[in-house]
Amino acid sequence: MTWRAYVFPGWGFDSASLEPVVSRIGGAAVVDRLEDANLLIGWSLGGLRALLAPAHMPTVLIASTARFLADPPTWPGMPAANLRAMQRLFAREPEQALRSFHTLCARFDTSPDEIESRVLNSLAIDADILKQGLLDLARLDLRPILPSYSRPTLLLHGAHDRVISAAAARATAACMPNAKLIIRSDAGHDLPLQDPEWVADRIREFVESASH
C-alpha cells in the first residue's frame with residue numbers, strides 16, 4: 001500500500017519538520033489535503049489536532065497527549081502557570097520564548113548551533129499561528145473522546161521528554177481501546193528530529209500491521 005500522510009507539526013515547527021520521517025517510511029509521501037490521506041501523523045500539539053481530525057485512518061501520535069495541562073491528581077501534564085508564563089514571554093520576547101522552548105525540547109547533547117537553527121526556523125512561522133497554538137494547548141482536553149476512539153493508534157514517546165512527560169503518554173494510551181505505546185529510553189521531545197529513521201521504522205511496522 002502507498003501511504004499518504006497528512007502531518008500535524010508540533011508547536012514551533014512547520015510541516016517540513018516531519019518530512020524526514022515520512023520519507024523514510026518507504027513509499028510514503030506527505031499530502032496537503034486531509035481528504036487525500038490514509039495516515040495521520042501528529043507531533044506534540046499536532047497530536048491533539050490529529051485526534052480531532054474527522055477521518056478514520058491509522059494515527060500516529062509522537063510526543064503527544066490528550067491534554068497538555070496537568071489536572072491533579074489524576075492527569076500528568078504541564079502546570080498551567082508554566083504555560084501562562086510562556087504565553088507572556090512570547091508576547092514580549094518571541095525569540096527568547098522560542099529559544100527557551102527549543103532548549104526544553106532538545107536532548108541534553110544537542111548542540112547550541114542546532115538549537116539556534118530551530119529557533120530561526122520557528123521565527124519564520126506566522127506569530128498569530130504560534131499564539132493560537134499556545135491557546136490550543138491551554139484549552140484542548142480530549143480525554144472524553146478517548147474511550148470511543150477506535151482508530152488504530154501508535155504513540156511514540158521519549159522517556160526524557162520535558163515538554164510532555166512519558167506519564168502523559170501512558171495515561172493517554174491507557175484510555176484508548178486500540179492504541180500501542182512505545183517509549184524510547186534515550187529520547188526527549190524532539191524524538192522525530194533526533195532519530196527520524198527509528199520513528200519511521202516504528203511507523204512502518206505499525207501501518208503494515210494495521211493494514212492486515
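The values are calculated or read from the model by the stated rules, or taken from the named source; none is laboratory data. Predicted, not measured: the structure shown is a model, and the values here were computed from it. We place every Cβ from the backbone using ideal geometry, glycine too, and count neighbours over all the protein chains shown.
Within the stretch 80-100, at least one residue is in the same structural domain as LEU123 (by TED's automatic domain parsing) and touching a residue at least 60 places away in the same chain (Cβ under 8 Å). Applying the set (1) at pLDDT 95 or above; (2) more than 18 Å from ALA179 (Cβ to Cβ); (3) among the hydrophobic types (A, V, I, L, M, F, W, C) to ALA29 leaves exactly one unmet item: (1). Each residue in the stretch 131-190 was checked for being in a loop (DSSP other than H, G, I, E, B) and of a type in the set (Val, Ile, Thr), and 2 of them qualify.
Results for (1) surrounded by fewer than 19 Cβ atoms within 10 Å (Cβ to Cβ); (2) over 27 Å from TRP3 (Cα atoms); (3) among the acidic types (Asp, Glu), shown as yes or no for each residue.
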site	(1), (2), (3)
ASP109	yes, yes, yes
GLU114	yes, yes, yes
LEU123	yes, yes, no
LEU137	no, yes, no
LEU156	no, no, no
SER165	no, yes, no
ALA179	no, no, no
ALA200	no, no, no
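Only a single item in (1) assigned to a loop (DSSP other than H, G, I, E, B); (2) in contact (Cβ under 8 Å) with a residue 12 or more places away in the chain; (3) outside the structural domain of VAL163 (by TED's automatic domain parsing) is not met by LEU104, and it is number (1).
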